[in-house]
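Inspection log for the structure reproduced underneath, given as structure tokens.
The values are calculated or read from the model by the stated rules, or taken from the named source; none is laboratory data. On a predicted model such as this, the values are computed, not experimentally measured, just so you know. So basically every Cβ, Gly included, is an ideal-geometry build from the backbone, and we count neighbours across all protein chains shown. All accessible areas refer to the heavy atoms of the entire protein, side chains included, with ligands and DNA or RNA removed. Shrake-Rupley method; radii C 1.70, N 1.55, O 1.52, S 1.80 Å.
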Amino acid sequence: MKRIYAVVLVLAMLFACTACGGRTQGETTQDAGIQTTAATSESTTAAAPETQSETTSAEASSTSAETQEETASSEETEPVTPQAKNGDVYILYTSDIHCGINKGFGLAGLKQIRDTLEAQGYTTLLVDDGDAIQGEPIGTVSEGQAMIDLMNEIGYDVAIPGNHEFDYGADRFLELSKSANYPYISCNITYQGERIFDPYVIKEAAGLKIAFVGITTPKTIGSSSPSHFQNETGEYVYAFMQDKTGEAVYSAVQSAVDSARAEGADLVYVMAHCGLEDDCRPWTYVDIIEHTRGIDVFFDGHSHDTEQVVMKNMDGENVTRSACGTKLQAIGYSHISKEGKVLDTGIWSWTNKISAPELLGIENPVGTKVNEALDALKAQLGGVIGHTPYTLTINDPKEVDASGMPIRMVRRAETNLGDLCADAFRIQGQADIGVTNGGGVRVDIEKGDITYGDVLSVSPFGNMLCVIEVTGQQVLDALEWGMRSVPHENGSFLQVSGISFEVDASIESGCIADEYDMCIGIEGERRVKNVLVGGEPIDPEKTYTLAGHDYMLLQIADGYTMFKDAPLLQDKVEIDNQVLIDYIRDTLGGEISKEYADPYGQGRIVILNGDN
């Protein structure tokens, strides 16, 4: 029980942070590794939840979170005693959890915070701002069901779909939504022109009617797999009001707000998965707030930021926008008085590397369910997704080193597993060319059944499928950079799909790298020759679509600077291991075909004069 007392002590300090009323926009306070950030107008003063610990916030601030368990277990701190309801409401919100159920505060920590607030007399509502069911193996293996089950367990009241809710297919998400004990809402998702979710919902809490309006980013089709939104003939049947002016979304939001007000809503909260990046315009939170009226608070997700902003709506009235990062690194809150006034909106951030449940020993029914789900995952990783008659390899099937160990080949030459991974990116991304770095293809898949665990071992990094538009010259530069070390190893060696070429290893590489090993130029004769795209000679002036992962294409990792600022056609569509699972299970029908039989690949990369 002393570990529970430790939780109460630290949570008490967390809530004491909210006593700093009258903060200016974005001001932060921090105690015990828990940081509070609020975005409030200057006239707002937040009343702090009462705490049951005798430790003052000043005393708490001198004690690090790492020592809280020891401190609390040495004192007989009393647990929170339930109090009568005080009429105030706390709305707690999460966003972009991405299956991080045991990270940051963890779901167990979220449950503990909610229970503590309830025990202190507050009425609570818990809502989620999207991208909850994808991002870790527990989501991949269960195709999102495990997350829905855990969200049911903790008792969410409302949620919206983010773009990654559709990573297992739109039909699959609709199936999942039916198993949720809470409603999904969104004002801008349609199927064949008809909305498929209610645009808003009104929840009653402590006698107040609080409306929640849902918005899903209109960039969803471009940031998930396009095929998920098409029918069998390739026609788009799902839409997100993605007109380039933004007017369709603004109108849908305003209509929902007006309807909620007409229905008697005391307050209107927008739950949006829109973000703040320039490429999200004209659908960022700024765009939407500037073109609407009647919104009190705007919860936002998608961009994984934690910015707290107060800005003007179209009538010049203040609207608070709050975002709470990703993977439960922060929990958002909005405190409403019994008179229906929004007192304070902001986030509590967990700033320690060790999760709150682990560090503080949080134990509650949700934590138990989380542990059970992770234990079940270990067994599920043995689930079969397909079969291969051939070993899919990263190693040379013949050569061994002096100690008899296999010699790795995937970072210096084509392999059948490299072909498979590159094909998965190209075909699932519906692109002309597919690429992946050899350093990202980690282990063999032995012949026989292919399990989830096998695929997760091949692609363990959680990179995301992206599609960019490139010129033929950019492709030629990328190939030259990727082949610069042949016949020797380099993690940036490209495995490819939809393209073939020769590499003359007798020609010294003309690639020039800066001190950070980033490509800054190519001089002299080129090693890469006879490049064909789709069987036709590459045209340096022509544009092509190229699929790969964000590590290379967006983060410009492995030195691929030629891709910098390339037009982004599909942004972080799907996690890489899910791309490979979908390709094997769905596109190939679960059976690896004979085209992947040769461990040396299909002759896409022919290395000339490559003897060491």
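For this structure, a couple of remarks:
- Checking the stated criteria, Thr292 turns out not to satisfy the condition of being open to solvent by 10 Å² or more (accessible area, probe 1.4 Å) and not aliphatic (A, V, I, L, M).
- Residue count for region 133-152, restricted to those that are touching a Gly at 6+ places or on another chain (Cβ under 9 Å), under 22 Å from Phe212 (Cβ atoms) and in a helix (DSSP H, G or I): 1
- Residue selection: Asp300 satisfies the criterion of being surrounded by 22 or more Cβ atoms within 10 Å (Cβ to Cβ), among the acidic types (Asp, Glu) and touching a helix residue (DSSP H, G or I) at 6+ places or on another chain (Cβ under 7 Å).
- For region 196-215, residues that are over 24 Å from the mean Cα position of the chain (by Cα) and over 21 Å from Asp300 (Cβ atoms) total 6.
- Within region 396-425, the residues that satisfy the criterion of being polar (S, T, N, Q) and under 32 Å from the mean Cα position of the chain (by Cα) are Thr415, Asn416.
- The lone exception for Gly429 - which of (1) open to solvent by 10 Å² or more (accessible area, probe 1.4 Å); (2) among the small types (Gly, Ala, Ser); (3) touching a Pro at 6+ places or on another chain (Cβ under 9 Å) it fails: (1)
- Pick from region 109-132, criterion part of a helix (DSSP H, G or I) and among the charged types (D, E, K, R), ranking: surrounded by the most Cβ atoms within 10 Å (Cβ to Cβ): Lys111
- Residue match in region 454-467 (condition: open to solvent by less than 20 Å² (accessible area, probe 1.4 Å) and of a type in the set (Phe, Trp, Tyr)): no
- The number of residues in region 143-184 that are of a type in the set (Gly, Ala, Ser) and at positive phi comes to 3.
- Breaking point among (1) modelled with pLDDT of 95 or more; (2) aliphatic (A, V, I, L, M); (3) open to solvent by less than 40 Å² (accessible area, probe 1.4 Å), for Ala262: (3)
- Counting the residues of region 301-332 that are under 11 Å from Ala39 (Cβ atoms) and of a type in the set (Asp, Glu) gives 1.
- Region 591-611 - residue that is over 36 Å from the mean Cα position of the chain (by Cα) and not in a loop (DSSP other than H, G, I, E, B) and, of those, farthest from Met409 (Cα to Cα): Leu608
- Counted residues, region 553-570 - those being in contact with a strand residue (DSSP E or B) (Cβ under 6 Å, 6 or more places away or on another chain) and open to solvent by less than 50 Å² (accessible area, probe 1.4 Å): 6
- Residues of region 371-412 that turn out to be at pLDDT 95 or above, open to solvent by less than 50 Å² (accessible area, probe 1.4 Å) and more than 17 Å from Leu456 (Cβ to Cβ), as a count: 0
- Within region 162-184, considering residues that are in contact with a strand residue (DSSP E or B) (Cβ under 6 Å, 6 or more places away or on another chain) and not aromatic (Phe, Trp, Tyr), the one surrounded by the most Cβ atoms within 10 Å (Cβ to Cβ): Gly162
- Exactly one residue out of Gly222, Gly193, Gly214 is modelled with pLDDT of 95 or more and either out of contact with any His (no Cβ under 6 Å at 6 or more places or on another chain) or buried (at least 21 other Cβ atoms within 10 Å of the Cβ) (or both): that is Gly214.
- Residue match in region 477-494 (condition: at pLDDT 95 or above, within 27 Å of the chain's Cα centre (by Cα) and of a type in the set (S, T, N, Q)): no
- Residues that are modelled with pLDDT under 95 and open to solvent by 10 Å² or more (accessible area, probe 1.4 Å) were ranked within region 88-106; the one that is nearest to Gly214 (Cα to Cα) is His98.
- Selection of region 571-612 for residues being more than 30 Å from Ser506 (Cβ to Cβ), of a type in the set (Ser, Thr, Tyr) and surrounded by fewer than 20 Cβ atoms within 10 Å (Cβ to Cβ) yields Thr587, Ser593.
- Residues of region 340-347 include at least one that is surrounded by 14 or more Cβ atoms within 10 Å (Cβ to Cβ) and touching a Cys at 6+ places or on another chain (Cβ under 7 Å).
- Residue within region 513-536 that is open to solvent by less than 40 Å² (accessible area, probe 1.4 Å) and of a type in the set (Gly, Ala, Ser) present: yes
- Selected residue (only one of Ala424, Ala505 is among the small types (Gly, Ala, Ser), open to solvent by 10 Å² or more (accessible area, probe 1.4 Å) and modelled with pLDDT of 90 or more): Ala505
- Any hit, region 274-281, residues being more than 21 Å from Leu117 (Cβ to Cβ), touching a Phe, Trp or Tyr at 6+ places or on another chain (Cβ under 9 Å) and among the small types (Gly, Ala, Ser): yes
- Tally of residues being without any contact (Cβ under 8 Å) to a residue 60 or more places away in the chain and of a type in the set (Ser, Thr, Tyr) across region 238-283: 3
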